Each structure stands twice: as C-alpha cells, then as structure tokens.
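Colleague: Please read through the structure below; I'll follow up with questions.
Laboratory data are not the source of any read-out in this text; all were calculated from the coordinates shown. What you are looking at is a predicted structure, and each value in this text was computed from that prediction instead of being measured. In this analysis, Cβ positions are derived from the backbone assuming ideal geometry, glycine residues included, and neighbour counts consider all displayed protein chains.
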Amino acid sequence: MTPSIRVAVGWGAGAHRRAVWWFAAVVLAVVGAACRPKVSTVTPPAPADPASQTLGPGDVVEIRVRDAEDLTGPYEVAEDGTIRFPHIGNVDVRGKSSNEIAAAIEAGLADGWLRQPQVAVRVTERKNREVSVLGSVNQGGSYAFKPGLTLVQAISLAGGMNPLAQARKVKLIRQTDRGKQTFEVDVNAIVNSRADDIRLEPGDIVFVPESPV
C-alpha cells in the first residue's frame, strides 16, 4: 500500500506546482498588460486650422493681394517678429494668426494705397518644426514639417517601410490637451483607400513596429 500512497502524493504535488505556475503566469500577464502604455485605435483629433496658428521668427507665409500681383509672394518672419511689406513697412506678426495678419495688411493698404483691398495669408513653412519617423523604415529621422503633411507622406519621406514593417499597427504619438497620447493606425487600410490618411502636426512621432518573427 505504501508505494501507491507515494504515487498519489507525488501526483498531487505536481498538480499543485502546475497550478501555482499557471496562476503566476496569469498574474504576470495581467500586470504586464497594465504596465504597457495605453494605445488608442480612435482616429487622432484633426490638427488645428492653419489659419488659427500663430507665427514666429523664420516662418514663411504666402501673401496674396487681389488684383495686385506685384504685392503677392512669399514673406519670411524676421527675428523681431515682423515682415516687411511694400508700401506699409514692417508688420508685426508675433503671436498673430494668418487671419489677423491679413486684416492688418488690409488696413494698411486701405490707408491711401488700395481701395477695399482683399488679402489672404497662408503659412507655407515653419522653422524648427519637425515630425519624426522611426522604427522599421529605410531612413528614420526627423523631417521638416509643412502644413498638410500626412502620415503616409511622412513615411514616404523616410524612404518607406522596410520588409519587416508591421504596417497594420503603426503608432502615432502626439501631444494633445490630455497629454501625450499614442494612436494605432492601419497604414494598409489608408493605402488601400479603406481609411483616410491622417494630417500630422509639428512634434508628431510616427513609429513603425517590426513584425513578430
């Protein structure tokens, strides 16, 4: 009887050990999931209207004056936060939006130069404002931001994805009013016209993960 009792006891100990290991594995899986940063599959919020974004030194704007081609063209913001505009001299653009700048130029031109001038201002380049493309791309790094730049275009600037890229789980990291958030984007869906491309903002980070082996 003794051998049979020993066998039963040994089996019970093994089952107990297996149960303990199983419980430990479940706990580790739960803890690991809790520690991973939260990733949202919700489409990130659209960037602010460029017309409402303020300007700073080094930024370039295109100013168009209706029926005055000689005044239309690109203007760069100087270090003192002004642009020099024909007829009206320096225009202070520090902290002003495109709409506010257009209104200031219209007021200056209306003062003895043009009758009912109509001015449009569009930001074409922003200094020291970049997006980063990292991970499984051919030429990862930081690239100059231009208004209208999209996620797929940014990946293209980085030489495209390499063969190991996991295109369905690309991460977009963005600073929002809720803090830094990570969004998961299916680039394949965008390329295949099943989803809209995403406009980027200065400071965005695009990370292309590697497919699991």
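Colleague: Tell me the trypsin sites (Lys or Arg not before Pro) within the stretch 145-179 that lie in a loop according to DSSP and have at most 12 other beta-carbon atoms within 10 Å.
Modeller: Arg178
Colleague: Additional query: For the stretch 129-208, go through all pairs of different Cα atoms, get the mean of 1/r, take its inverse, and jot down that Kirkwood value in Å.
Modeller: Answer for the stretch 129-208: a Kirkwood hydrodynamic radius of 12.5 Å.
Colleague: In terms of Cα to Cα distance under 17 Å, which lysines are near enough to Lys146, apart from those fewer than 8 places away along the same chain?
Modeller: The reachable lysines, counting only those whose Cα sits under 17 Å from Lys146, are Lys127.
Colleague: Can you give the Rg to Rh ratio of the stretch 50-125, both from alpha-carbon atoms, with Rh computed by the Kirkwood formula?
Modeller: Values: Rg = 11.2 Å, Rh = 12.1 Å.
Dividing the radius of gyration by the Kirkwood radius yields 0.93.
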